[in-house]
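J.: Sending over a structure as structure tokens; questions will come in a sec.
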């Protein structure tokens, strides 16, 4: 055992930095390569250029796949946010036998391997005609994203004083108005954070897309997956960089919302 002295803390910090470097360094390699002026992936870079980012918008397969990802992600985010918020509020207020089991079922998509969910979704959606279109993909991504909304909203509901809702109802506000005027503004940071996570989950997902979409409904991750199998070029790295920047931006936004929510509750972030 290293103990708890300065040497132990230094070792823990060093170990944490090594793990962080192991995870982040591959990303730091991708970023500069996406700006390469050459047609091949190699260091040193022959020059800097935005040509591969321009090709994402000019090359029709990439442009369509990006549009498909945005459409499916937007639909999935809206559905996951609404359903996840309602589920979190209902499970927080309701007291009934089997409540823990229901919560476990709601959160199961976060634990069950995605390939199992994709296989089940394919056989369930096929008789309904939901395979080979963006609607089926968006519904499947809703299932994957809703648990994130449930978790974040449930966390913010812990800071909600039930007396505020009862006070609003005692003043004549119906339940829906009390929710809109009292509950929703307080849990708004959790709702927005959950929506961001749901969008990232949908936008970055590839396994379900492989099962449920056809050539005309390729999403950006699926287009990248197919491109890797055929030929690796800086165009793929440009798309990967966009995904990384989007994920980082949304995570930073979620953290800022968490800090804002903590300040509103009078809790140090």
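The values are calculated or read from the model by the stated rules, or taken from the named source; none is laboratory data. Here the structure is a predicted model, which means the values were calculated and not measured. Quick reminder, even Gly has a Cβ in these numbers, built from the backbone with ideal geometry, and neighbours come from all protein chains shown.
J.: Kindly indicate whether residue 105 is loosely packed, with under 14 Cβ neighbours inside 10 Å and free of Cβ contacts under 8 Å to residues at least 24 places away in the same chain.
T.: When the stated conditions are applied, residue 105 passes them.
J.: So, one more: Just to be sure before I move on: is residue 44 in a helix (DSSP H, G or I) and at negative phi in the structure I sent?
T.: no
J.: Another question about this same structure. Select from region 47-76 the residues that are in contact with a strand residue (DSSP E or B) (Cβ under 8 Å, 6 or more places away or on another chain) and part of a loop (DSSP other than H, G, I, E, B) and write down the one among them that is modelled with the lowest pLDDT.
T.: 47
J.: Which condition number in (1) surrounded by fewer than 19 Cβ atoms within 10 Å (Cβ to Cβ); (2) touching a helix residue (DSSP H, G or I) at 6+ places or on another chain (Cβ under 9 Å) is the one that residue 87 fails?
T.: If we test residue 87 against (1) surrounded by fewer than 19 Cβ atoms within 10 Å (Cβ to Cβ); (2) touching a helix residue (DSSP H, G or I) at 6+ places or on another chain (Cβ under 9 Å), just (1) comes out false.
J.: While we're looking at this one, here's another question. Which condition number does residue 202 fail, the rest of (1) without any contact (Cβ under 8 Å) to a residue 40 or more places away in the chain; (2) under 25 Å from residue 246 (Cβ atoms) being met?
T.: For residue 202, the failing item is (1).
J.: Looking only at helices (runs of 4 or more DSSP H) that lie completely in region 108-185, which have at least 1 residues being exposed (fewer than 13 other Cβ atoms within 10 Å of the Cβ) and in contact (Cβ under 8 Å) with a residue 60 or more places away in the chain?
T.: It comes to 114-125.
J.: Name every residue in region 201-210 that is surrounded by fewer than 22 Cβ atoms within 10 Å (Cβ to Cβ) and either modelled with pLDDT under 80 or assigned to a helix (DSSP H, G or I) (or both), in order of residue number. It would help to see each step written out before you state the result.
T.: So in region 201-210, the residues surrounded by fewer than 22 Cβ atoms within 10 Å (Cβ to Cβ) come out as 204, 206-207, 210.
Answer for region 201-210, where residues must be surrounded by fewer than 22 Cβ atoms within 10 Å (Cβ to Cβ) and either modelled with pLDDT under 80 or assigned to a helix (DSSP H, G or I) (or both): 207, 210.
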